[in-house]
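A.B. asks: My questions all concern the structure below.
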Amino acid sequence: MIRPTCFRISKRTLFQSYTEIPRNSYVANKTYPLLIWNNLIPYQLKYLSGLGAGVLTFINLHPQIWITLGPPISIAGYYLNRKIKHNLYEKNANQIVDRTTEEQGSKYPPAQVVKILPYDESQLYNIQEDIENEYDSLRRQIVDLVGKRIVEHITSNPNSVEDNEILSSFMKDSQFNVHFFENEFESWVTSQAKIYETNRDDCTLQRFIKASLPYYSERNVQTRKRLGVVSVYMLKLDEDSWAISLEISPIGWKSKSTWIRGVSSMENMESELYKKFKNV
C-alpha cells in the first residue's frame, strides 16, 4: 500500500486517525518529531532524499577517494546498521524479559500474565467474529486487554490518577475515557527472545511482540484528538499465556512514560475472545 504524499495528509489525519499498515519498527511515536517523521513524511520522499544525497556526494568526490574509502565505509555502515537494530531489539526485549535473574521462564506473576485465544483457522467462530488471520485475532485481543488492564489498574489504584498526570488522561468527569482502535496499530514487530530456564548456557526462544497504538480523547473521528501512544510488550509463555507490559506515553515534544506491568486485582486476565471460545 502506497502512503499518500505529505501534501495530501491533513492535520486531522495526522492527529486524529491512522490508516496505514503498521511499521516494522520498535520505535513508537512518543513525540511530535517522531509522529511527523513516521506518519507525515512519505517513505518515498525519505528514500529519494537519501538517494539524492548519495548521488551529489558521488558526483562531487574524486573517483580515487571512492576507490580508497568506499569499501571500508560500506562495510562499517553495514555493521553499524546491524548493531543499531540489535541494540533496539535488546532494549525493547528487556522491558519484558528480566536479564538479571537466572531463571526467566517461570518468574512471571499471574498479575502480569494474560490469556489469549490461539488462532485456529479451522474454527467457524472466525467468520462470526470477522477474523481472517492470526494478526486479526491478536490485534483484537491485544486492544481488548490493553483497555481492560488500564481500567483495572486505575480502579485498584485510585490514588494513581491523582499522582500521575499521564493516567489522569484516561478519566473525564469521573468516567473512564479509554479509546483505542484495533485497526490503528502504528508499529508491530514480531521476533524471538532468548529465555534462560536454569543457567546462562541453557536457553529457549520464545515469541516476542512489540506493538504500539495511539489513544484518543473520544471515539468520534471528526472531533477527537490524539493524546498519546501505548507501547505493548508481550512474551509468549505457552499456548495461550503471555506476559505483558504496557508503556503509556503522552504526545509531546519530550518523551515521558508511565508503566503498567502487573495488575494486582486481576490474575491471568482473559481476553473476551478467550472467554467466549476457550472451550470450543
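A.B. asks: Would you please state the base-10 log of I(q)/I(0) at q = 0.12, 0.18, 0.32 1/Å for segment 113-166, with intensities from the Debye formula using one equal scatterer on every alpha carbon?
C.D. replies: -0.42, -0.67, -1.22
A.B. asks: Which aspartates and glutamates, if any, have their Cα less than 13 Å from the Cα of Lys276, not counting same-chain residues under 8 positions apart?
C.D. replies: List returned: Glu129.
A.B. asks: Placing one identical point scatterer on every Cα of segment 102-206 and ignoring solvent, what is log10 I(q)/I(0) from the Debye formula at q = 0.21 Å⁻¹?
C.D. replies: For segment 102-206, the Cα-only Debye profile gives -1.13.
A.B. asks: What aspartates and glutamates does Lys172 reach when the alpha-carbon gap must be under 13 Å and sequence neighbours fewer than 8 apart in one chain are set aside?
C.D. replies: The qualifying aspartates and glutamates are Glu162, Glu218.
A.B. asks: Follow-up question, since we're still on this one. I need the per residue convex hull volume for segment 94-277, using only the alpha carbons, in cubic angstrom as a whole number.
C.D. replies: About 142 Å³ per residue, rounded to a whole number.
A.B. asks: Out of the GluC sites (Glu not before Pro) in segment 194-280, which ones are loop residues according to DSSP with at most 10 other C-beta atoms within 10 Å?
C.D. replies: Glu239
A.B. asks: Taking 18 Å as the cut-off for C-alpha to C-alpha distance, list the pairs among Lys30/Lys194; Lys107/Lys194; Lys115/Lys148; Lys30/Lys254 that go past it.
C.D. replies: Lys30/Lys194
A.B. asks: Give me the aspartates and glutamates in straight-line cross-link reach of Lys256: C-alpha distance below 12 Å, same-chain residues under 8 apart excluded.
C.D. replies: Glu165, Glu247
A.B. asks: Can I ask one more? Within a 10 angstrom radius of the beta carbon, how do His86, His153, His179 rank from fewest other beta carbons to most?
C.D. replies: In increasing order of surrounding Cβ atoms, one gets His86, His179, His153.
FYI, it's all coordinate maths here, none of it is from the lab. Bear in mind the structure is a predicted one, so any value in this text is a computation, not a measurement. Positions of Cβ are backbone-derived with ideal geometry, glycine not excepted, and every protein chain shown enters the neighbour counts.
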